[in-house]
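Asker: Just passing along the structure, written as structure tokens.
Read-outs throughout are calculated quantities, based only on the coordinates presented, and are distinct from any laboratory measurement. Bear in mind the structure is a predicted one, so any value in this text is a computation, not a measurement. Quick reminder, even Gly has a Cβ in these numbers, built from the backbone with ideal geometry, and neighbours come from all protein chains shown.
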Amino acid sequence: MFNATAIFGPILLLGGLGYFLDKYFGTEKKFIFLGIGVAFILTNVLMFRKIKRFIKVSDEFLKKDEVQDIENFPNESPKKATE
């Protein structure tokens, strides 16, 4: 849900604001492109922050001793030597 709102929220809000500013000032598509450009930058910042938090959480999880055999995680438990 966060990804959809992080992408479409700024585009709809800032693009819509640019549309109404264009109508109000009588300009042709200057503010709408500016709004979409700012929305693009804001969307990338929000996604970067989300990915950064995800990497931090996954690194903390992998540092724990809970996961001993990463190749078998999460489908199987670590295999014991049967010989």
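Asker: If you go through region 1-48, how many residues are touching a residue at least 24 places away in the same chain (Cβ under 8 Å) and hydroxyl-bearing (Ser, Thr, Tyr)?
Answerer: Of the residues in that region, 1 qualify.
Asker: Just the residues that are assigned to a helix (DSSP H, G or I) and among the polar types (S, T, N, Q), please, taken from region 1-56.
Answerer: 3, 5, 43, 44, listed by residue number.
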